[in-house]
1. Any idea what the dipole of the chain comes to, in debye rounded to 20, about its Cα centre with Lys/Arg Cβ at +1 and Asp/Glu Cβ at -1?
2. Count charges around Arg151 for me, please; just the other residues with Cβ under 13 Å from its Cβ, Lys/Arg as +1, Asp/Glu as -1.
3. Could you tell me which GluC sites (Glu not before Pro) in the range 178-233 are loop residues by DSSP with no more than 13 other beta carbons within 10 angstrom of their beta carbon?
4. Could you give the size of the charge dipole of the range 349-436 about its Cα centre, using +1 on the Cβ of each K and R and -1 on the Cβ of each D and E, expressed in debye and rounded to the nearest 20?
5. Give me the percent of the accessible area of the chain that comes from carbon and sulfur atoms, probe 1.4 Å, all protein chains in place.
6. Summing -39500 (n - 2.57) over the DSSP H runs of n ≥ 4 in the chain and dividing by its residue number, what mean residue ellipticity at 222 nm do you reach, to the nearest 500 deg cm²/dmol?
7. Please report the Cα spread of the range 349-436 along all three principal axes, rounded to whole Å, starting with the longest.
8. Can you give the accessible area per residue of the chain, in Å², using a 1.4 Å probe?
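The values are calculated or read from the model by the stated rules, or taken from the named source; none is laboratory data. Please read all numbers here as calculations on a predicted model, not as lab measurements. Note: ideal-geometry Cβ built from the backbone for every residue, glycine included; neighbour counts use all protein chains shown. Note: areas computed on protein heavy atoms with side chains; ligands, DNA, RNA excluded. Shrake-Rupley method; radii C 1.70, N 1.55, O 1.52, S 1.80 Å.
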Amino acid sequence: MRLSRYFLPILRETPKEAEIVSHRLMLRAGLVQQQAAGIYAWLPLGHRVLEKVCRIVREEQDRAGAIELKMPTIQSADLWRESGRYDDYGKEMLRIKDRHERDMLFGPTNEEMITAIFRSYVRSYKSLPLNLYHVQWKFRDEIRPRFGTMRSREFLMKDAYSFDIDQAGARHSYNRMFVAYLRTFARMGLKAIPMVADTGPIGGNLSHEFIILASTGESEVYCHRDFLGFEAPAANTDFDDVAGLQGVFDRWTSLYAATSEKHDEAAFAAVPEDRRVSARGIEVGHIFYFGTKYSAAMNAVVAGPDGVERPVHMGSYGIGPSRLVAALIEAGHDDAGIIWPEAVAPFTVAVLNLKAGDSTTDAACEQLYAALKAKGVDVLYDDTDERPGAKFAKADLIGIPWQILVGPKGLADGKVELKRRADGARELVSPSDALERFSA
Ligand code: ATP
Ligand code: MG
């Protein structure tokens, strides 16, 4: 992408309404724009990050055996009357009437709809296990939307729903998602700790929230410090290995970790003092096993091997990609701006032309830009005629992991400068050596 032809609206001033660093940086670096309280437009740079986050989420869902579909944002109230949640959900649900005065709603979650889809097609245990997911916008009329996309009213969610014939099967489905979540967050460079959690209006009794520690987090959490050193399961994990996945689950739940709603002072006091972490955290994912709560209410039954019909066992599994973008910035920034992990960066490398208009510099930049594009590397070429200082500041602000600085001085010695955003480390290398460093 050529910056001169891109749409990257950078704000000069730090927006006053933004209370936390990720919100400030998302506005300043032109990632999002607020449209109404808790409702954001994703501008091109932010959209690229959101898509990269979603790609990782999808890859790990697919790896764990979940199957993607897409359900609508608008749902019929009747579906929610079946489960009894239409009245229970309260003011967080945005209720809408269509032109025929029918009660509709903007979906805050999809348990009812997926249960209705399931029951219209699946009759036998032979079709199980099944896990269906989608990535779709949700609306919850939060009483206090704040912190930008961290707690918004309209937000993106990946929600998966598992179906099993019995509790043992559902347990394995839960473990699959548990392991998929560990991998998902680790791939984004985040240390997310599974913590015993409250189930809230979703219901059920087995539930974990995946929390990353951050001083700006809204949750109060307590955990064992050793979790921060745990390695996520490998890519070749066998998701059909029931005992193996249970082993991973057991290890990741062997130490104390709980949110404030589930906090147990006595158990926490048993953790050695120097291992105790009592901190704030951001909930980036939440998984639930809730048995037959919805299937029994909505008559989603399957016949077992004995021919007897029974309500299917279900779980649901959420990740908030739009919240994750903010969480990633909370976890990665400095005074100059955002520091994206490579896996989710909007561009991997920025080529900065330090003397646009100088024919040698232009030619070297064009060559680098074309070669990087040909390799499939996400590259942003700053071909504008701004001063070098302004280009450095902008590249730092938007957090591109690598910068290649190209100017006449270096080129006279056959060199360009390669700068790593994370620590500012710089190296003089030939343009072809710089190219060698990158692959798609
Ligand atoms: P919270 O406790 O933060 O209000 P929740 O428990 O109501 O969230 P879930 O129903 O578990 O949320 O939703 C699954 C995921 O969706 C959450 O883990 C979070 O990543 C994301 N999410 C939920 N609410 C919001 C929101 N208002 N803004 C952005 N992301 C959200
Ligand atoms: Mg939750």
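1. Values: 56 positive and 61 negative charges, 173 e Å.
About 820 debye.
2. Details: positive: Lys138, Arg140, Arg144, Arg146, Arg153, Arg323; negative: Glu19, Glu92, Asp141, Glu142, Glu154, Glu218, Glu283, Glu330.
In short, -2.
3. Working: sites: Glu209, Glu218, Glu220, Glu231; in loops: Glu218, Glu231.
Sparse-neighbourhood loop GluC sites (Glu not before Pro): Glu231.
4. Working: 12 positive and 15 negative charges, 38 e Å.
Charge dipole of the range 349-436: 180 debye, to the nearest 20.
5. 49
6. Details: 14 runs with 142 residues, N = 440.
One gets -9500 deg cm²/dmol as the mean residue ellipticity at 222 nm.
7. 28, 28, 21
8. Dividing the accessible area of the chain by its residue count gives 44 Å².
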